[in-house]
Amino acid sequence: MAAEDQFKKVISHAKEYGYVFPSSEIYDGLSAVYDYGQNGVALKNNIRAYWWKAMVQMHENIVGIDAAIFMHPTTWKASGHVDAFNDPLIDNKDSKKRYRADVLIEDYVGKLDTKIEKEVAKAAKRFGDQFDKEQFLSTNLRVLKYKERGSEILARMGKSLGNEDLADVKALIEELEITCPLSGSRNWTDVKQFNLMFGTKLGASAESATDLFLRPETAQGIFVNFSNVQKTGRMKIPFGIAQTGKAFRNEIVARQFIFRMREFEQMEMQFFIQPGTQKEWYDHWKKTRLNWHLSLGMGPDNYRFHDHDKLAHYADAACDIEFRFPFGFKELEGIHSRTDFDLSSHEKFSSKKLQYFDHERSESYVPYVLETSVGLDRMFLAVFSNALQEETLEDGSQRTVLKLPAVLAPTKVAVFPLVKKDGLPEIAQSIVNELKWDMEIAYDEKDAVGRRYRRQDALGTPFCITVDHQTAEDQTVTLRHRDTMKQQRVAISELSEVLKKEVSMRTWLERI
Ligand code: GAP
């Protein structure tokens with residue numbers, strides 16, 4: 001299926017099966033804002049819990065907080081967001097459509113990546129079993145040319161943006177002959193900066209109200225609480241503070257479904273370290289976070305690291321973990337070496353000491369920070385889009401199956417009585433009542449069993465249990481596996497143990 005069609009299928013499947021709805025849809029929706037439905041919220045909660053367990057529960061030196069969305073407005077002056085949280089925008093004069101200049105250029109480079117992938121696919125077909133992808137990528141002249149061109153373009157863009165040379169960003173767009181996807185013309189305005197924070201007001205009357213911002217990242221709630229947590233938790237460096245929560249950005253080019261939203265959720269962790277050790281912790285967290293993603297079994301080929309060409313105002317090193325979304329490789333998570341920028345700046349603006357006293361070395365210092373930041377909604381999209389598959393079965397029929405990692409699936413097990421009589425519904429209900437203490441269960445007695453299996457396949461339920469007439473005789477049921485469609489006979493008394501092992505976070509996280 002073409003990538004565009006696959007993505008459309010993802011969006012319609014998410015709606016049809018109660019995962020994601022356009023926000024306030026009865027009023028025709030609100031651009032780049034979405035609501036999570038009954039299954040979506042369960043998947044989202046499970047992703048959040050999987051992250052929290054791996055980051056907080058499994059690390060003795062990481063604790064969690066939940067800071068407010070509203071923060072003192074000086075926070076955003078100190079963090080640099082008031083002055084520097086901008087996107088470079090460009091308008092097409094014919095279509096009157098506004099674009100992010102850096103995204104137009106990155107999309108151009110993305111097309112070079114697609115050309116490389118096509119060369120690889122062609123060569124793989126030509127050489128068959130003999131094909132060595134690594135060698136091909138490092139020696140094929142055409143591939144090397146595309147790679148070099150892409151790097152040159154990104155390096156120039158990074159330099160121009162870093163130097164605030166917006167005229168050169170426009171010149172680059174013109175040199176690359178980038179056209180407006182809508183009008184097809186190259187009639188561009190100059191590039192301008194646009195601040196992404198949403199403003200709001202706190203107070204009863206217009207005169208006394210204070211101007212606030214909706215937080216554009218959760219990280220600052222951690223920095224302003226550094227001393228509170230360090231002292232009350234008696235935390236010793238190195239240690240981390242984690243938090244999940246909403247963030248808001250007035251994204252101008254909001255598109256691609258829940259990939260880029262105006263209201264979204266982040267899962268962030270700030271790891272406080274001794275200055276000078278940032279390189280080693282940067283490598284550590286790159287590896288640890290990639291392994292967390294890999295533990296979900298979505299395939300190593302779907303991830304890659306991308307080093308930032310343009311470093312944010314606070315960073316001395318930064319990279320993204322990119323995921324292969326239906327529209328290509330894009331950022332899923334950021335790993336940033338933030339130096340002491342945030343704590344030092346909050347010290348300056350608040351006139352409060354934000355330092356750590358190192359007893360062993362008998363000295364105080366402002367800690368350096370290593371940040372890991374992953375979008376919960378983006379993680380949802382990665383998991384969901386990767387899971388949705390159309391399969392042709394042996395008998396030639398088609399099935400739509402959502403192969404969600406079992407640990408994240410909204411419903412772990414669906415229990416069916418084969419027929420609605422002979423005491424089978426009662427046995428099925430008693431199995432539901434037992435299993436629901438430990439996992440999310442559904443009960444379904446409507447339609448033929450084959451149709452019920454298909455319904456659960458499309459919903460992403462990894463296991464189905466069917467209670468039949470044999471159950472009444474020998475206390476066993478059929479356990480059906482979603483991905484292989486294999487069925488096995490299992491004693492009712494063993495169900496809980498067998499299933500708990502399959503869906504427990506421990507089983508999945510132990511792969512890290
Ligand atoms: N505290 C650092 C920070 O916020 P970021 O790269 O701007 O860094 C981190 O954002 C992550 O948040 C991204 O990797 C992405 O997963 C998610 N994210 C950022 N903007 C988003 C948006 N508009 N919609 C959905 N997710 C977004």
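Structure above, values below:
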item: Cα centroid separation, the range 90-148 to the range 413-440 (Å); result: 51
item: Point-charge dipole on Cβ atoms (K/R +1, D/E -1) for the range 140-237, about Cα centre, debye to 20; result: 660
item: Note, ³J(HN,Hα) from phi for the range 170-185, Karplus 6.51, -1.76, 1.60, rounded to Hz, x at Gly and Pro; result: 5, 4, 5, 4, 5, 4, 7, 6, 6, 10, 5, x, 8, 8, x, 9
item: Gain on full stretching of the segment that runs from Asn140 to Asp211 - 0.36 nm per residue minus C-alpha separation; result: 19.9 nm
item: Label zone at Glu263, where the point sits 7 Å out along the Cα-to-Cβ direction: the range 1-21 residues whose backbone N lies under 20 Å; result: 15, 18-21
item: DSSP-assigned coil residues among trypsin sites (Lys or Arg not before Pro) in the range 14-94, each with at most 16 further Cβ atoms within 10 Å; result: Lys93
item: Neighbourhood net charge (14 Å Cβ-Cβ; Lys/Arg +1, Asp/Glu -1) for Phe213; result: +2
item: Cα-based equivalent ellipsoid of the range 86-195: semi-axis lengths in Å, sorted from largest, via gyration tensor; result: 33, 16, 10
item: Sum of -39500 (n - 2.57) over DSSP H runs of 4+, divided by residues of the chain (222 nm, nearest 500); result: -12000 deg cm²/dmol
item: Exceeding the 20 Å Cα-Cα cut-off - candidates Lys44/Lys403; Lys53/Lys287; Lys96/Lys192; Lys133/Lys286; Lys147/Lys330; result: Lys133/Lys286
item: Mean-position separation - Cα centroids, the range 180-221 and the range 278-315, in angstrom; result: 29
item: Net charge of Cβ neighbours under 14 Å - reference Gln456; Lys, Arg +1; Asp, Glu -1; result: +4
item: Cα-based equivalent ellipsoid, the chain: semi-axes from gyration tensor eigenvalues, Å; result: 42, 31, 24
item: Amide N of the range 375-417 lying under 19 Å from the label point, which is placed 7 angstrom from the Cα of Ala49 along Cα→Cβ; result: 376-377, 379-381, 383-384, 404-415
item: Radius ratio Rg over Rh of the range 399-509, counting only Cα atoms, Kirkwood formula for Rh; result: 0.94
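Computed from the coordinates by the stated procedures, all read-outs in this text should not be read as laboratory data. A quick note: this is a predicted structure, and the numbers were derived from the prediction, not measured. Methodologically, a virtual Cβ is constructed for each residue, glycine included, from the backbone with ideal geometry; neighbour enumeration extends over all protein chains shown.
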